[in-house]
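Notes follow once the structure below has been shown.
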Amino acid sequence: MALRHGFKAEARRLAAEVREELGIRTFQPLDPYALACLYGVEVFTLDEPWLPARAAAHFTGPAAESFSGALIRIGTGCVIVENHAHERNRRRSTVAHEMAHVLLEHEFGVLVTNGRSCRSGVGTAHACVEQEAAELSGELLLPSDAARTAAFRGWTDASVARHFRISERMARWRMNVTGARRIALRSRERGPQPVAARA
C-alpha cells in the first residue's frame, strides 16, 4: 500500500522541525530518547520492577524477537516500554518509531511492535498509520538530505549505520527508499556541469 499523496514531503518537514527543536543538524544522529523526553514521554524497559517478571523473562528470552516495544496510553499522555534485550540501535529505532506515532497524533490504546511494525489492529487504516510511522521514524533517524550527502561521499550501508547509530538494515532501506545512491550515480555520470557565462 502506498503512502497518501504528499506524506513524504510532510514527513520531511516535520522531521526537520523536530531536529531543529532538538538543536541538531541534518547530518547529525538523532537521539530518540531525547526526543521522547522533549515531548514528555517516559521510556521504560522490561526489567522495571512493576512489570510482571514472568512476562519480562519470556520477552527477553525465548520470545525476544516478537516484542521490541510498546506505546501505551496513560490518561492524556503515554509511555514507551522497550525491550532492553535488543541491541542498542534496534532499541533506538523502536523508540523513534513509537515517537513517530506520537508526533503524527495517531489514535491508539496500546501499540506493540516487533521491530518492523506495530500490532494494534488490522486492515487498511492500521496499515496506513504503520507506513506513516515507519516513514517518519526513518526520516528522523536518517533524513533524505543526509542520505544523499552520504551517497555523494560514497559511504557504504555500514558507514551510514555507524554514523547515524542505526542498524545496517535501516541504513540500507533509507538509502534505497530515498534514491540517494541513484541520484549520486546520475550526477557522477553527467560529470561537472559548465559554469554559465557571465553577461
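The values are calculated or read from the model by the stated rules, or taken from the named source; none is laboratory data. Owing to the predicted nature of the structure, the values given are computational and were not obtained by experimental measurement. When we count neighbours, we look across all protein chains shown, and the Cβ atoms used for this are built from the backbone with ideal geometry, even at glycine. Just the protein is used for accessible areas: all its heavy atoms, side chains included, with ligands, DNA and RNA removed. Shrake-Rupley method; radii C 1.70, N 1.55, O 1.52, S 1.80 Å.
Here are a few things to note about the model shown:
- Between Leu14, Leu140, Leu71, the residue with the greatest mean-square fluctuation in the GNM of the chain (Cα pairs under 10 Å linked by springs) is Leu14.
- When +1 charges are put on Lys and Arg Cβ atoms and -1 charges on Asp and Glu Cβ atoms, the dipole computed for the chain relative to its Cα centre reaches about 1160 debye.
- Packing, taken as the mean count of other beta carbons within 10 Å per residue, orders the peptides 38-51, 92-105 from highest to lowest as 92-105, 38-51.
- If both residues of a DSSP beta bridge must be in the chain, then about 75% of such bridges are antiparallel.
- With the simple spin-label model, which puts each label point 7 Å out from Cα in the Cβ direction, the Leu104 to Thr76 separation comes to 2.5 nm.
- Calculated FRET efficiency for the pair Arg190/Asp145, C-beta based, R₀ 22 Å, to 0.05: 0.65
- Heavy-atom accessible surface of the chain: percent carbon and sulfur, 1.4 Å: 54
- Computed over protein heavy atoms with a 1.4 angstrom probe, the accessible surface ordering of Asp157, Asp145, largest first, is Asp145, Asp157.
- Estimated FRET transfer efficiency (Arg88, Ala9; beta-carbon r; R0 30 Å; 0.05): 0.45
- Between Glu65 and Ala53, full extension at 0.36 nm per residue minus the direct alpha carbon distance yields a gain of 2.5 nm.
- On a per residue basis, the chain carries 55 Å² of accessible surface, using protein heavy atoms and a 1.4 Å probe.
- Amide H contacts for Thr45 (H built 1.01 Å from N in the peptide plane; partners 5 or more residues away or on another chain; cut-off under 5 Å): Glu82.
- Cα-based convex hull volume of the chain per residue, rounded to whole Å³: 150
- Placing pseudo-labels 7 Å out from each Cα toward the beta carbon at Glu168 and Ile183 gives an inter-label distance of 2.5 nm.
- The chain: angle of helix 168-177 to the longest principal axis, Cα-based, in degrees nearest 10: 50
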